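**Q** Got a structure here, written out as structure tokens. Questions coming.
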Amino acid sequence: LPISLETGDLDALEIFTERLRRNLERERISRWVSVERYFSACLRELRGDPRAVEDIRAAIDELIECRFLMRIGSYLAFLARAYLRQGRIAQARDAITRAIDYQERQGERWCRSELQRVNASILLEDGETVRAEKLLKEALAEARAIGALTFALRIATDLAAHWAATD
């Protein structure tokens, strides 16, 4: 599920979400209900449902409440991107701040560069280009340091788009 979401493969995301939903019909494990809600809401948001953002937030809140925090920073980063797509900068900033806080407390270095990239996107949208560019460079170095090639490519693409837009 996370790989389908992060790579933007909506068909696979739909298939795996449905599989999880069917598994939950056979054996209802309460923590996984919120995971299914999260991925289903992400799929709906990516397919254009503006109301899905609040369902994403609610599912994340449920996961935090039951202390199921694995990948929560990544989940919050997706929420931040969804808020940003709707032009809700303050909420995007709040979501990415929470994501970074959880990532640091849990030591989930694997997603740090992606959180930095999302944070830089928010800064760019808010007109803070110098801070955003610096953060993208830091994120690229972080992604390279841990061998996260997909994250490095995303960051480099964002940095190149920024440079192209600003000559």
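The values are calculated or read from the model by the stated rules, or taken from the named source; none is laboratory data. Only a predicted model underlies this, so the values are computations on that prediction, with no experimental measurement involved. Here the Cβ positions follow ideal geometry from the backbone for every residue, glycine too, while neighbour counts run over all protein chains shown. Areas reflect the complete protein model, heavy atoms only, side chains present, ligands, DNA and RNA absent. Shrake-Rupley method; radii C 1.70, N 1.55, O 1.52, S 1.80 Å.
**Q** Within region 91-124, track down each residue that is over 19 Å from residue 53 (Cα atoms) and acidic (Asp, Glu). Write out each step before concluding.
**A** Here is the first cut: in region 91-124, the ones over 19 Å from residue 53 (Cα atoms) are 100-114, 116-117, 120, 123-124.
Result: 101, 104, 108, 114.
**Q** Among 138, 114, 142, 104, which is within 19 Å of residue 81 (Cα to Cα) and of a type in the set (Asp, Glu)?
**A** Going through 138, 114, 142, 104 in turn, the sole match is 114.
**Q** Continuing with the same structure: Would you please list the contacts, defined by Cβ atoms under 9 Å and residues six or more apart or on different chains, that run from a residue in region 155-167 that is more than 15 Å from residue 119 (Cα to Cα) to a residue that is surrounded by fewer than 16 Cβ atoms within 10 Å (Cβ to Cβ)?
**A** 166/129
**Q** Any idea which of 38, 102 is aromatic (Phe, Trp, Tyr), within 22 Å of residue 11 (Cβ to Cβ), modelled with pLDDT of 95 or more and assigned to a helix (DSSP H, G or I)?
**A** 38
**Q** Here's a follow-up. If a residue has to be free of Cβ contacts under 8 Å to residues at least 12 places away in the same chain, loosely packed, with under 15 Cβ neighbours inside 10 Å and either closer than 16 Å to residue 1 by Cα or touching a His at 6+ places or on another chain (Cβ under 7 Å) (or both) to count, how many in region 14-68 make the cut?
**A** Matching residues across region 14-68 total 5.
**Q** While we're here: What residue, among those in region 73-128 that are of a type in the set (S, T, N, Q) and within 17 Å of residue 56 (Cα to Cα), is least open to solvent (accessible area, probe 1.4 Å)? Break it down into steps so the answer makes sense when it comes.
**A** The first filter runs over region 73-128 and keeps only residues of a type in the set (S, T, N, Q), leaving 74, 86, 91, 97, 103, 106, 113, 116, 119, 121.
Narrowing further to those that are within 17 Å of residue 56 (Cα to Cα): 74, 86, 91, 97.
Details: 74: 19, 86: 68, 91: 75, 97: 83 Å².
Ranking the qualifying residues of region 73-128, first place goes to 74.
**Q** Filter region 120-145 down to residues that are within 19 Å of the chain's Cα centre (by Cα), assigned to a helix (DSSP H, G or I) and in contact (Cβ under 8 Å) with a residue 24 or more places away in the chain, then give me how many there are.
**A** The number of residues fulfilling the criteria is 11.
So that you can scan it fast, the table gives a plain yes or no per residue for (1) under 22 Å from residue 5 (Cβ atoms); (2) at pLDDT below 95:
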site	(1), (2)
110	yes, yes
124	no, no
131	no, no
138	no, no
147	yes, no
153	yes, no
160	no, no
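**Q** Inspect region 45-55 for any residue being farther than 26 Å from residue 86 by Cα, among the hydrophobic types (A, V, I, L, M, F, W, C), over 14 Å from the mean Cα position of the chain (by Cα) and assigned to a helix (DSSP H, G or I) and give the result as yes or no.
**A** No.
**Q** Now a separate question. Closer than 21 Å to residue 126 by Cα, of a type in the set (D, E, K, R) and more than 14 Å from the chain's Cα centre (by Cα): which single residue out of 98, 22, 37, 88 fits that description? Break it down stepwise before answering.
**A** Details: 98 fails: more than 14 Å from the chain's Cα centre (by Cα); 22 fails: closer than 21 Å to residue 126 by Cα; 37 fails: closer than 21 Å to residue 126 by Cα.
That would be 88, the only listed residue that is closer than 21 Å to residue 126 by Cα, of a type in the set (D, E, K, R) and more than 14 Å from the chain's Cα centre (by Cα).
**Q** Report, by residue number, each residue of region 129-146 that is closer than 14 Å to residue 111 by Cβ and open to solvent by less than 50 Å² (accessible area, probe 1.4 Å).
**A** Initially, region 129-146 is screened for residues closer than 14 Å to residue 111 by Cβ, giving 139, 142-143, 145-146.
Of everything in region 129-146, those that are closer than 14 Å to residue 111 by Cβ and open to solvent by less than 50 Å² (accessible area, probe 1.4 Å) turn out to be 139, 142, 143.
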